[in-house]
1. Provide a single number: the residues in segment 45-73 that are over 20 Å from residue 32 (Cβ atoms) and touching a residue at least 24 places away in the same chain (Cβ under 8 Å).
2. Tell me the residue from 29, 49 that is touching a strand residue (DSSP E or B) at 6+ places or on another chain (Cβ under 8 Å) and at pLDDT below 95, please.
3. Condition (residue is touching a residue at least 12 places away in the same chain (Cβ under 8 Å), assigned to a loop (DSSP other than H, G, I, E, B), within 15 Å of the chain's Cα centre (by Cα) and exposed (fewer than 13 other Cβ atoms within 10 Å of the Cβ)) applied to segment 100-107: is it met by at least one residue?
4. Just wondering, is there one or more residues in segment 6-26 that are within 26 Å of residue 123 (Cα to Cα), modelled with pLDDT of 90 or more and assigned to a strand (DSSP E or B)?
């Protein structure tokens, strides 16, 4: 009987914890705004998606913050990524959209950011990217006669 009572108390406490965390987040965002950094110029596809998401996303977040789109062009959105990584506050008040292939930049060259430290909040499209490498085969392997 005592084990059942302990389990019941544990369940009640675990159900209560997310509500407490939610109110802290709601208090943080209530009356504030979130900056949406768009890594491309006005009028393009990323700008359209960024502005569309900015218009509606706030009502789905605790506290219903306004989301303010801000364009930051340069180097195919690399400038925006470097800003998000190095300068922007890390408190949830700044989010961004940038070229989806830019997360590979640290693998391909000396990028000033670590892609693993970004968190994906979602995507407006489901797309797949792939890469291939062509190398000459040794003599007699894989040749069609």
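The values are calculated or read from the model by the stated rules, or taken from the named source; none is laboratory data. All values reported here derive from a predicted model rather than from experimental measurement. Quick reminder, even Gly has a Cβ in these numbers, built from the backbone with ideal geometry, and neighbours come from all protein chains shown.
1. Taking segment 45-73 first, the residues over 20 Å from residue 32 (Cβ atoms) are 45-49, 52, 71-73.
After this cut, where a residue has to be touching a residue at least 24 places away in the same chain (Cβ under 8 Å) as well, the list is 46-47, 49, 52, 71-73.
Total meeting the criteria: 7.
2. 49
3. Within segment 100-107, none of the residues are touching a residue at least 12 places away in the same chain (Cβ under 8 Å), assigned to a loop (DSSP other than H, G, I, E, B), within 15 Å of the chain's Cα centre (by Cα) and exposed (fewer than 13 other Cβ atoms within 10 Å of the Cβ).
4. Within segment 6-26 (the criterion being within 26 Å of residue 123 (Cα to Cα), modelled with pLDDT of 90 or more and assigned to a strand (DSSP E or B)), the answer is no, since none of the residues qualifies.
Yes or no, residue by residue, for (1) more than 16 Å from residue 123 (Cα to Cα); (2) assigned to a helix (DSSP H, G or I); (3) touching a helix residue (DSSP H, G or I) at 6+ places or on another chain (Cβ under 7 Å):
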| residue | (1), (2), (3) |
| --- | --- |
| 54 | no, yes, no |
| 57 | no, yes, no |
| 67 | yes, no, yes |
| 81 | yes, yes, yes |
